[in-house]
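Worksheet: the structure to be examined is printed underneath.
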Amino acid sequence: MADITVGVVVFPGSNCDHDTEYALASIKGFRPVMLWHNDHDLQGAKAIVLPGGFSYGDYLRAGSIARFSPIMKEVIDFARKGFPVLGICNGFQVLLESGLLEGALSRNRGMKFLCRQTTIRPVNCSTVFTSLYGDDEVLSVPIAHGEGNYFAPPEVLKSLLDHGQIAFQYTDSEGRASDEANPNGSLLNIAGIFNREGNVLGLMPHPERASDLLLGSEDGRRMFESLYRHLAGQ
């Protein structure tokens, strides 16, 4: 079987693109390719990752300029056809700005940039990104963001709950979603969400930085392995 191509979009200001490329390349059967923001060619990718960083310097709002990059027209069409799209940190912000996910991200509670290890719990383990996780697991995955405080109107939060669209919540080491375990003030301790169809995931923690024991945790690796299992099984 030929390797499966996964595109990693590179915006001016992306700084986690090669971390993501490394994590994907460590999964046997994946072939990551870098996709420049000005391009329209997805190079045969079967999945797309929008990596972390500070696209276009986070001017105006984080992700708001990147949303209008030429390649995002292709990514939006790709996602709406049902193909997997993963947005990590700044990539999550871009997905929200593009309308592929609902809600918004504001400055962290306390107005400080946070860079540290967090514990999160998978909430929905039946998607292309989470099938290798268990509902009772607690994962150790780092964050590095200044605007990770997720909020949305009450009707959107209700819809997320009703349709299983909450992907991960910040928790304590026992898996409890407490206010003390919430690093940035996100409503419902939300660390990541899916679209209604489950093929688009945005999250603030960095799974690519938790995909090798040399980095202190492999808990993010199964996100990429889940994606590979889905694509290889099609």
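The values are calculated or read from the model by the stated rules, or taken from the named source; none is laboratory data. Everything numeric in this text was worked out from a predicted model, so none of it was measured. No Cβ is skipped: glycine too gets one built from the backbone with ideal geometry, and neighbour counts run over all protein chains shown.
Can you tell me which residue in region 162-196 is nearest to Ala104 (Cα to Cα), limited to those that are in a helix (DSSP H, G or I) and touching a helix residue (DSSP H, G or I) at 6+ places or on another chain (Cβ under 8 Å)? Steps first, please.
Restricting attention to region 162-196, the residues satisfying the condition of being in a helix (DSSP H, G or I) are 162, 187-189.
Restricting the remaining residues to those that are touching a helix residue (DSSP H, G or I) at 6+ places or on another chain (Cβ under 8 Å) gives 187-188.
Numbers: Leu187: 11, Leu188: 14 Å.
Among those that are in a helix (DSSP H, G or I) and touching a helix residue (DSSP H, G or I) at 6+ places or on another chain (Cβ under 8 Å), it is Leu187.
Among the residues of region 38-54, how many are outside any strand (DSSP E or B) and either touching a Cys at 6+ places or on another chain (Cβ under 8 Å) or surrounded by 15 or more Cβ atoms within 10 Å (Cβ to Cβ) (or both)? Working first, answer last.
Of all residues in region 38-54, those outside any strand (DSSP E or B) come to 38-46, 51-52, 54.
Adding the requirement that they be either touching a Cys at 6+ places or on another chain (Cβ under 8 Å) or surrounded by 15 or more Cβ atoms within 10 Å (Cβ to Cβ) (or both) leaves 39, 42, 45-46, 51-52, 54.
Residues in region 38-54 being outside any strand (DSSP E or B) and either touching a Cys at 6+ places or on another chain (Cβ under 8 Å) or surrounded by 15 or more Cβ atoms within 10 Å (Cβ to Cβ) (or both): 7 in total.
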When you scan region 157-178, how many residues do you find that are surrounded by 14 or more Cβ atoms within 10 Å (Cβ to Cβ) and farther than 25 Å from His206 by Cβ? 2
Output for Cβ contacts, cut-off 8 Å, separation at least six or different chains, first residue surrounded by 12 or more Cβ atoms within 10 Å (Cβ to Cβ) in region 55-71, second acidic (Asp, Glu) and not in a loop (DSSP other than H, G, I, E, B), reads Arg61/Glu97; Gly63/Glu97; Ser64/Glu97; Ala66/Glu97; Arg67/Glu97
Any residue in region 63-86 that is at pLDDT 90 or above, of a type in the set (Gly, Ala, Ser) and part of a strand (DSSP E or B)? no
Any chance Glu218 is within 28 Å of Pro32 (Cα to Cα), surrounded by fewer than 23 Cβ atoms within 10 Å (Cβ to Cβ) and out of contact with any Asp or Glu (no Cβ under 6 Å at 6 or more places or on another chain): yes
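Restricting to region 208-234, and then to whatever is aliphatic (A, V, I, L, M) and at pLDDT below 95, can you tell me which residue is nearest to Ser131 (Cα to Cα)? Steps first, answer last, please.
Here is the first cut: in region 208-234, the residues aliphatic (A, V, I, L, M) are 210, 213-215, 223, 227, 231-232.
With the extra rule that they be at pLDDT below 95, the set shrinks to 213-215.
Working: Leu213: 21, Leu214: 24, Leu215: 23 Å.
Within region 208-234, the match that is nearest to Ser131 (Cα to Cα) is Leu213.
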Are any of the residues in region 204-222 farther than 22 Å from Ile4 by Cβ, hydroxyl-bearing (Ser, Thr, Tyr) and not in a loop (DSSP other than H, G, I, E, B)? yes
A careful count of residues in region 1-21 that are charged (D, E, K, R) and either in contact with a helix residue (DSSP H, G or I) (Cβ under 9 Å, 6 or more places away or on another chain) or in contact (Cβ under 8 Å) with a residue 40 or more places away in the chain (or both) gives 2
Please enumerate the residues belonging to region 83-104 that are under 14 Å from Ala45 (Cβ atoms) and surrounded by fewer than 22 Cβ atoms within 10 Å (Cβ to Cβ). Phe83
Can you tell which of Leu35, Leu24 is over 15 Å from the mean Cα position of the chain (by Cα), at pLDDT 95 or above and not in a loop (DSSP other than H, G, I, E, B)? Leu35
